[in-house]
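The values are calculated or read from the model by the stated rules, or taken from the named source; none is laboratory data. Please read these numbers as outputs of a predicted model, since none were measured by experiment. Cβ atoms come from the backbone with ideal geometry, glycine included; neighbour counts cover every protein chain shown. Protein only, heavy atoms only, side chains kept; ligands, DNA and RNA dropped before computing areas. Shrake-Rupley method; radii C 1.70, N 1.55, O 1.52, S 1.80 Å.
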Amino acid sequence: MTNLSPADLAGYLRQLGEGALITLELFLASFAFAFVFGVLIGVATLSRNRLLQAAWRVYASIFMGVPTLLVIFLVFYGGSAMLAAVLGELGSEIDISPFGAGVTALAVVYAAYIAELVRGAIENLPKGQFEGARALAIPPIIMWGKVILPQVMRLALPGLVNVWSFMLKETPLVSLAGLQDLVAASKIAAGATKEPFVFFIATALVFIAFSAATLKLATILEIRLDRGLRRTPAAGTARADA
């Protein structure tokens, strides 16, 4: 039990709620950018251009091998200097906030993982999907948007759910750059009240709730992406309806 008065407890819990909202905003923004960039990079890496392939290998090696926290610090503390080097005086006037640094770092890191998932899913598609679309003279944009990518998303969904979960658990790292997110709010509340278990357990429950919502969302997406497929009762395999 806690020795805090109901009013104090309500106040600290309100701070946790505000921190949880910041954490959720950070996570959703980071994943959205990572997903868009990852899909674009994954499609681009299918090119046989040697320069593009070399750039992809360098990018993947760096951001799959460097700790995410280090990337966050690099963007937060060195982002202004990098922008100044590229944009001159205009770049030097741009101040990198903890939220912006977190979104940028998480998006850049996890775009590499999503690109690898998309690349592998595309390579596992039957070649006839591409040949049939070309034989029907389907424009490339429609072919990718209506034929290829929906199948890619179905194949890559389990991996994307894993990336989603890993990103969710790494968003608190941005608090080390000064972001007042859920973990930072719980740390402040625990230090001020000397009640660490109350606030850290509350924080853990919030992340568990986020994870539970993730599983529910993944199930809904799986059902939606499996439209047009049917499973045979005996083998449990899926094939397209005739």
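Table for the structure above
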quantity	calculated
Heavy-atom surface of the chain, accessible at 1.4 Å and reported per residue (Å²)	59
Accessible surface of Asp8 - all protein chains present, 1.4 Å probe, nearest 10 Å²	80
All lysines inside 29 Å of Lys169 as judged from Cα atoms, apart from same-chain residues fewer than 8 positions distant	Lys187, Lys194, Lys216
Angle in degrees between helix 50-65 and the longest Cα principal axis of the chain, rounded to the nearest 10	30
Backbone HN-Hα couplings from phi across the stretch 102-108 [Karplus 6.51/-1.76/1.60, Hz, Gly and Pro as x]	x, 4, 4, 5, 5, 5, 5
Sites Leu74 and Leu46, calculated FRET efficiency, Cβ-Cβ separation with R0 25 Å, nearest 0.05	0.30
Table column - 3J(HN,Hα) (Hz), the stretch 186-196, Karplus curve with 6.51, -1.76, 1.60, x for Gly and Pro	5, 5, 5, 5, 5, x, 6, 9, 6, 10, x
Candidates per trypsin sites (Lys or Arg not before Pro) in the stretch 1-73, loop by DSSP, up to 15 other Cβ within 10 Å	Arg48
Value in Å of the Kirkwood radius, where the stretch 6-226 supplies the Cα pairs that are averaged	19.6
Heavy-atom accessible area order for Met153, Met82, Met64, largest first, 1.4 Å probe	Met82, Met64, Met153
Heavy-atom accessible area ranking, 1.4 Å probe, most first, across Phe31, Phe166	Phe166, Phe31
Within the stretch 6-226: Cβ-based charge dipole about Cα centre, in debye rounded to nearest 20 (Lys, Arg +1; Asp, Glu -1)	800
Segment Arg57-Gln151, extension gain: residue separation times 0.36 nm, minus the distance between their alpha carbons	31.3 nm
Over the stretch 144-206: Kirkwood hydrodynamic radius from C-alpha pairwise inverse distances, Å	14.2
Helix-only mean residue ellipticity at 222 nm for the chain, each DSSP H run of n ≥ 4 adding -39500 (n - 2.57), per residue, nearest 500	-25500 deg cm²/dmol
Sum of side-chain charges, Leu179 neighbourhood, beta-carbon under 15 Å (Lys, Arg +1; Asp, Glu -1)	-4
Accessible area, probe 1.4 Å, largest first, for residues Phe197, Phe210, Phe33	Phe197, Phe33, Phe210
